[in-house]
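J.: Okay, here's the structure, questions in a sec.
The values are calculated or read from the model by the stated rules, or taken from the named source; none is laboratory data. Keep in mind the model is a prediction, meaning the values are calculated, not measured. With ideal geometry, Cβ positions are generated from the backbone for all residues, glycine too; neighbour counts draw on all protein chains shown.
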Number of protein chains: 2
Amino acid sequence: MRLSRYFLPVLKEDPKEAQIVSHRLMLRAGMIRQQAAGIYSWLPLGFKVLNRIEEIVHEEQQRAGHIPLLMPTLQTADLWRESGRYDAYGDEMLRITDRQKRDLLYGPTNEEMITDIFRSYVSSYKALPLTLYHIQWKFRDEMRPRFGVMRGREFLMKDGYNFDLTKEDALHAYNRHLVSYLRTYERMGLQAIPMRADSGPIGGDDTHEFLVLAETGESEVFYDSQITDLKFGDREIDYTSTEQCRSILEEFTSRYARTDETHDEAVFAEIPEERRRTARGIEVGQIFYFGTKYSEPMGATVVNEKGERVPVHMGSHGIGVSRLLGAIIEASHDEKGIIWPEGVTPFHVGIVNLKQGDASTDSASEALYRELKAAGLDPLYDDRDERAGAKFATMDLIGLPWRITIGPRGLAENKVELTSRRTGISEEMSPADAVERLKSIYQPVFEATYKG
Amino acid sequence: MRLSRYFLPVLKEDPKEAQIVSHRLMLRAGMIRQQAAGIYSWLPLGFKVLNRIEEIVHEEQQRAGHIPLLMPTLQTADLWRESGRYDAYGDEMLRITDRQKRDLLYGPTNEEMITDIFRSYVSSYKALPLTLYHIQWKFRDEMRPRFGVMRGREFLMKDGYNFDLTKEDALHAYNRHLVSYLRTYERMGLQAIPMRADSGPIGGDDTHEFLVLAETGESEVFYDSQITDLKFGDREIDYTSTEQCRSILEEFTSRYARTDETHDEAVFAEIPEERRRTARGIEVGQIFYFGTKYSEPMGATVVNEKGERVPVHMGSHGIGVSRLLGAIIEASHDEKGIIWPEGVTPFHVGIVNLKQGDASTDSASEALYRELKAAGLDPLYDDRDERAGAKFATMDLIGLPWRITIGPRGLAENKVELTSRRTGISEEMSPADAVERLKSIYQPVFEATYKG
């Protein structure tokens, strides 16, 4: 993309309404615009990152064998009356009356609807195991929406639901989700720690939240420092293997890690003092096993091998897709702006032409732009007639992890400068070498994709 | 995908509520499920086609130089009060009150919001031309939602908005959209004819609707039969060329083609009688030029080269993404089911194993499944323990354009059968040749993609 043809409305001033750094940087980098309290437009740069995150979530869900569908944003009140949650949900549910005076609501979650879909079509245990998921906009009418996309009202979420014949199978689905979530977050450059949590209005016994450590996190967290040394890496997983999934769950959950809701000071005290950590965390996902809580009242049953009709065992599993942009920025920024991990960056590299209008820097920049694209990379070429300082400031603010600077002095020796946004370190090299270097930098990102 | 692990709830019986063939077939093929009047879940097969259509729309928009973003589903009433449309829009607008008693609405279109975004950031003519678009769920509270996704209440639409300095530039944007739409629909295997139309509540002078001919179309249309001979084909277009865009517009709009709203019997009578056609059409898109209708009242102005502040010239451009599934099916089906065009099919080919459980057909089917995937194709392997007749009926119903049948008799001679859904013609060949044949069939589909 050529910046002169893009729509990237960066702000020079810090917006007053932003209390936390991700909100401030998303507004300043022209990623979002508030349209109403807690309701945002995703401007082109923000939309591009949102898409990238959505893509990773889709890929990792499908790698784990889960099936995508799409449920609507609006639901009928009747469905929620069946489960008993219509009245229980409270003021956070946005209730709507249509022109025929029917009660609708903007879905805050989809346990009822997916259970309804399941019971309408499935009647035999042979269709199990089954996990269906979608990524859809949801609405929770928060009393005090704030912190930008971190606590918005209209937000994008992946929510998945497993249907299993037995508790044992459903616990495998739980473990499988935990494993796939670890991989999902790592691909985004995040360390998200699974912590034992409280089940809240979803219900159920078993639940883990995934938390990203950040000073601005909404939850206080307590953990054994050994947990932050764990890496998922590029392990090959057979998601149908109960043994593999269970052993990874054990590896990642055997050390103490809890939110303030489930924290137990006595257990925490047993950890050697030098490993005890107290910090703040941002919740980016949660998994639940809740058994027959919805299947029983809603009649989601199957006939088992013995010919008996039994309610299915279920769980639900969420990833806060839009909120992840905020979480990633909270975890990865400096005073100049955002620092995108390679896995989610909106553009792979920025090209800064130091002397726009100069025949040789212009043609070298154009050539590099084309070669990067030919190599399968997605560059943002700052071709505006602006001072070098302004171009650098924009690149630093929007946080592309790599920048190539092209100026007349270097070009005389066939050199450009490749700079890491994270370390600030620059290296001179030929344009061809810069392309090769970037290809190898992004190789792991491309290799991590799942094509089905 | 292995069918035994998929979620494809096909129905044996014709659903009573479906009055038109696309609605009936989408329900029977397990593509959609009604959750409330005019509100649907997109089951996995339907979601897959929806995605494919969305992808084509995104690619062709970006090929034409348009920039994607994403506006929220909910909007404030105040924005619509500014343009004067809040009261004018009538009962089709779904009005909502949140817990703070603020008036919101579920967006039926986005002229106001995009104008608000534009005026908030753009002040110089240098940022022009600019076309922003999004693909987002919208809501129109139809009095009588019917015909499945053809006239739903919650529907997915691509809507784009151009901002130009002059009327001339804005008319180029109009022409550019018309050209890009022709290409978009052809990639979906559709012939959509641009017809002069009525502007309705969007306003403006210039507008064309794109109509797909189908018996169940909601509009009566009148056209010169020569128009159906026109093909866009694989022309290379420079979308910045006003000349190229204008000449294609002239080519596709110079012959008589109008809906009943704009039909002129006297002009129609001038066409030689043997070329006059009356038929029915389904609207799948519409483009508008409306000048300063929104920019003036809402203050979307730029400073021009002379330093004068002038309102921008705008247009808007819509494609009915979810409705397109219905339109494609109306245009392409037979008594057995859907016939997907290669450009939008959910799976490229179906594999029918005639003797599931037989070691040799099972292993040949598995090998073929893997080879098709390795060739970059997306097969659906019917690995269920079902009779051949049931497997064929499912494949015919869901409409994959190609089927490979594997049975013990053919395998003895290393032969499988490749069958065209459209013609019903089968050919025997080796599995390796079937893979090669399918690669060459889908080559044009892959080549038509736009990677930016």
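J.: Which condition does A:THR115 not pass, out of (1) more than 9 Å from chain B (Cβ to nearest Cβ); (2) outside any helix (DSSP H, G or I); (3) crowded, with 16+ Cβ neighbours inside 10 Å, if it passes all the others?
T.: (2)
J.: Picking from B:PHE147, B:PHE155, B:PHE210, B:PHE139, which residue would you name as being over 15 Å from the mean Cα position of the chain (by Cα) and modelled with pLDDT of 95 or more?
T.: Details: B:PHE147 fails: modelled with pLDDT of 95 or more; B:PHE155 fails: over 15 Å from the mean Cα position of the chain (by Cα); B:PHE210 fails: over 15 Å from the mean Cα position of the chain (by Cα).
Result: B:PHE139 is the single residue among B:PHE147, B:PHE155, B:PHE210, B:PHE139 that is over 15 Å from the mean Cα position of the chain (by Cα) and modelled with pLDDT of 95 or more.
J.: Test of understanding: among A:LEU132, A:LEU104, A:LEU79, A:LEU74, which residue is surrounded by 21 or more Cβ atoms within 10 Å (Cβ to Cβ) and in contact with a Pro (Cβ under 8 Å, 6 or more places away or on another chain)?
T.: Numbers: A:LEU104 fails: in contact with a Pro (Cβ under 8 Å, 6 or more places away or on another chain); A:LEU79 fails: in contact with a Pro (Cβ under 8 Å, 6 or more places away or on another chain); A:LEU74 fails: in contact with a Pro (Cβ under 8 Å, 6 or more places away or on another chain).
Selected residue: A:LEU132, the only one of A:LEU132, A:LEU104, A:LEU79, A:LEU74 that is surrounded by 21 or more Cβ atoms within 10 Å (Cβ to Cβ) and in contact with a Pro (Cβ under 8 Å, 6 or more places away or on another chain).
J.: Kindly indicate whether any position in segment B:65-85 is within 25 Å of B:ARG146 (Cβ to Cβ), touching a residue at least 60 places away in the same chain (Cβ under 8 Å), more than 8 Å from every other protein chain (Cβ to nearest Cβ) and not hydrophobic (A, V, I, L, M, F, W, C).
T.: Within segment B:65-85, the subset within 25 Å of B:ARG146 (Cβ to Cβ) is B:73.
Next cut, touching a residue at least 60 places away in the same chain (Cβ under 8 Å) only: B:73.
Now restrict to residues that are more than 8 Å from every other protein chain (Cβ to nearest Cβ): none.
Checking segment B:65-85: not a single residue is within 25 Å of B:ARG146 (Cβ to Cβ), touching a residue at least 60 places away in the same chain (Cβ under 8 Å), more than 8 Å from every other protein chain (Cβ to nearest Cβ) and not hydrophobic (A, V, I, L, M, F, W, C).
J.: Here's another thing I want to ask about it. Quickly run through segment A:136-154 and pick out the residues that are out of contact with any Gly (no Cβ under 8 Å at 6 or more places or on another chain) and either free of Cβ contacts under 8 Å to residues at least 40 places away in the same chain or surrounded by 19 or more Cβ atoms within 10 Å (Cβ to Cβ) (or both).
T.: A:TRP137, A:ARG140, A:ASP141, A:ARG144, listed by residue number.
J.: Scan segment B:406-452 residue by residue and report those that are in contact with a Lys or Arg (Cβ under 9 Å, 6 or more places away or on another chain), in a helix (DSSP H, G or I) and buried (at least 16 other Cβ atoms within 10 Å of the Cβ).
T.: Across segment B:406-452, the qualifying residues are B:PRO431, B:VAL445.
J.: Also, quick follow-up: Have a look at B:GLY46, B:GLY65 and point out the one that is at positive phi, in contact with a Phe, Trp or Tyr (Cβ under 9 Å, 6 or more places away or on another chain) and modelled with pLDDT of 95 or more.
T.: Just a single option satisfies the conditions, and that option is B:GLY65.
J.: From the residues in segment B:91-112 that are in a helix (DSSP H, G or I) and over 30 Å from A:SER4 (Cβ atoms), which one is nearest to the other protein chains (Cβ to nearest Cβ)?
T.: At the first step, the residues of segment B:91-112 found to be in a helix (DSSP H, G or I) are B:91-92, B:111-112.
After this cut, where a residue has to be over 30 Å from A:SER4 (Cβ atoms) as well, the list is B:91-92.
Working: B:ASP91: 5, B:GLU92: 8 Å.
Only one residue fits best here, namely B:ASP91.
J.: Quick one: what pairs do we get from segment B:86-102, first residue under 17 Å from B:GLU154 (Cα atoms), second β-branched (Val, Ile, Thr), C-beta under 6 Å, 6+ apart or different chains?
T.: Short answer, once both residue conditions are applied: B:ILE96/A:ILE96.
J.: Identify all residues within segment B:349-369 that are assigned to a strand (DSSP E or B) and of a type outside the set (A, V, I, L, M); write none if there are none. Before you say what the answer is, go through the steps one by one.
T.: If we filter segment B:349-369 for residues that are assigned to a strand (DSSP E or B), which is where we start, we get B:349-353.
Result: B:GLY350, B:ASN353.
J.: Determine which member of the set A:GLU305, A:GLU330 is among the acidic types (Asp, Glu), surrounded by fewer than 22 Cβ atoms within 10 Å (Cβ to Cβ), touching a helix residue (DSSP H, G or I) at 6+ places or on another chain (Cβ under 8 Å) and in contact (Cβ under 8 Å) with a residue 40 or more places away in the chain.
T.: Values: A:GLU330 fails: surrounded by fewer than 22 Cβ atoms within 10 Å (Cβ to Cβ).
So the residue among A:GLU305, A:GLU330 that is among the acidic types (Asp, Glu), surrounded by fewer than 22 Cβ atoms within 10 Å (Cβ to Cβ), touching a helix residue (DSSP H, G or I) at 6+ places or on another chain (Cβ under 8 Å) and in contact (Cβ under 8 Å) with a residue 40 or more places away in the chain is A:GLU305.
J.: State whether the residues of segment A:362-369 include one that is within 14 Å of chain B (Cβ to nearest Cβ) and of a type outside the set (Phe, Trp, Tyr). First the steps, then the outcome.
T.: Initial filter on segment A:362-369 (within 14 Å of chain B (Cβ to nearest Cβ)): A:369.
The next check asks that each one be of a type outside the set (Phe, Trp, Tyr); those that pass are none.
The answer is no; no qualifying residue exists.
J.: Can you confirm whether segment B:282-290 contains a residue that is at pLDDT 95 or above, over 16 Å from B:PRO194 (Cα atoms) and crowded, with 17+ Cβ neighbours inside 10 Å?
T.: No - not one qualifying residue is present in segment B:282-290.
J.: May I pose another question? Confirm whether A:LEU25 is more than 12 Å from chain B (Cβ to nearest Cβ), touching a helix residue (DSSP H, G or I) at 6+ places or on another chain (Cβ under 7 Å) and either hydrophobic (A, V, I, L, M, F, W, C) or crowded, with 20+ Cβ neighbours inside 10 Å (or both). I'd like the intermediate steps shown before the answer.
T.: Values: more than 12 Å from chain B (Cβ to nearest Cβ): yes; touching a helix residue (DSSP H, G or I) at 6+ places or on another chain (Cβ under 7 Å): yes; either hydrophobic (A, V, I, L, M, F, W, C) or crowded, with 20+ Cβ neighbours inside 10 Å (or both): yes.
Taking the combined requirement at face value, the residue satisfies it.
J.: Here is a further query. Test of understanding: among B:ASP264, B:ASP238, B:ASP229, B:ASP234, which residue is surrounded by fewer than 18 Cβ atoms within 10 Å (Cβ to Cβ), in contact with a Pro (Cβ under 9 Å, 6 or more places away or on another chain) and not aliphatic (A, V, I, L, M)? Break it down stepwise before answering.
T.: Working: B:ASP264 fails: in contact with a Pro (Cβ under 9 Å, 6 or more places away or on another chain); B:ASP238 fails: in contact with a Pro (Cβ under 9 Å, 6 or more places away or on another chain); B:ASP229 fails: in contact with a Pro (Cβ under 9 Å, 6 or more places away or on another chain).
Just one listed residue meets the conditions, B:ASP234.
J.: Give the residue that is nearest to A:HIS333 (Cα to Cα), with candidates limited to residues of segment A:7-37 that are touching a strand residue (DSSP E or B) at 6+ places or on another chain (Cβ under 7 Å) and of a type in the set (Gly, Ala, Ser).
T.: Of everything passing the filter in segment A:7-37, A:ALA29 is nearest to A:HIS333 (Cα to Cα).
J.: Could you tell me which numbered condition B:VAL344 fails, if it satisfies all but one of (1) surrounded by fewer than 24 Cβ atoms within 10 Å (Cβ to Cβ); (2) hydrophobic (A, V, I, L, M, F, W, C); (3) not assigned by TED's automatic domain parsing to the domain that holds B:PRO108?
T.: (1)
J.: For segment B:120-127, does any single residue satisfy the condition of being within 8 Å of chain A (Cβ to nearest Cβ), touching a strand residue (DSSP E or B) at 6+ places or on another chain (Cβ under 8 Å) and in a strand (DSSP E or B)?
T.: No, the conditions are met nowhere in segment B:120-127.
J.: Another one. For segment A:82-95, state whether one or more residues are in the same structural domain as A:SER295 (by TED's automatic domain parsing), modelled with pLDDT of 95 or more and of a type in the set (S, T, N, Q).
T.: Checked against the condition, which is being in the same structural domain as A:SER295 (by TED's automatic domain parsing), modelled with pLDDT of 95 or more and of a type in the set (S, T, N, Q), segment A:82-95 yields no hits at all.
J.: As an exercise: evaluate B:LYS126 against (1) charged (D, E, K, R); (2) within 20 Å of B:TYR294 (Cβ to Cβ); (3) surrounded by fewer than 19 Cβ atoms within 10 Å (Cβ to Cβ) and give the number of the one condition it does not meet.
T.: That leaves (2) as the condition not met.
J.: Exactly one condition in (1) within 9 Å of chain B (Cβ to nearest Cβ); (2) closer than 22 Å to B:ALA77 by Cα; (3) under 18 Å from the mean Cα position of the chain (by Cα) is false for A:ILE32; which is it?
T.: Unmet condition: (1).
J.: Right, next: Being part of a helix (DSSP H, G or I), touching a residue at least 60 places away in the same chain (Cβ under 8 Å) and under 23 Å from B:ASN414 (Cα atoms) is the filter here; which residues of segment B:370-400 pass it?
T.: Of all residues in segment B:370-400, those part of a helix (DSSP H, G or I) come to B:370-374, B:388-398.
Checking the rest, the ones that are also touching a residue at least 60 places away in the same chain (Cβ under 8 Å) come to B:371-372, B:394, B:396-398.
If the condition is that a residue be part of a helix (DSSP H, G or I), touching a residue at least 60 places away in the same chain (Cβ under 8 Å) and under 23 Å from B:ASN414 (Cα atoms), then B:GLU371, B:LEU372 are the ones that fit.
J.: Follow-up. Before we move on, is B:ASP234 in a loop (DSSP other than H, G, I, E, B) and over 20 Å from B:HIS66 (Cβ atoms)?
T.: Working: in a loop (DSSP other than H, G, I, E, B): yes; over 20 Å from B:HIS66 (Cβ atoms): yes.
Against the criterion (in a loop (DSSP other than H, G, I, E, B) and over 20 Å from B:HIS66 (Cβ atoms)), B:ASP234 qualifies.
Here is a yes/no grid of residues against (1) of a type outside the set (Ser, Thr, Tyr); (2) within 10 Å of chain A (Cβ to nearest Cβ); (3) surrounded by fewer than 21 Cβ atoms within 10 Å (Cβ to Cβ); (4) in contact (Cβ under 8 Å) with a residue 24 or more places away in the chain:
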position: B:SER4; (1), (2), (3), (4): no, yes, yes, yes
position: B:VAL10; (1), (2), (3), (4): yes, yes, yes, yes
position: B:LEU50; (1), (2), (3), (4): yes, yes, no, yes
position: B:ILE56; (1), (2), (3), (4): yes, no, no, yes
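J.: For segment B:238-254, enumerate the residues that are without any contact (Cβ under 8 Å) to a residue 60 or more places away in the chain, in a loop (DSSP other than H, G, I, E, B) and within 19 Å of B:ALA192 (Cβ to Cβ).
T.: The answer is B:SER254, and nothing else.
J.: Now, a different point. Return yes when B:TRP42 is crowded, with 19+ Cβ neighbours inside 10 Å and more than 10 Å from chain A (Cβ to nearest Cβ) and no when it is not.
T.: Values: crowded, with 19+ Cβ neighbours inside 10 Å: yes; more than 10 Å from chain A (Cβ to nearest Cβ): no.
No: the conditions fail for B:TRP42.
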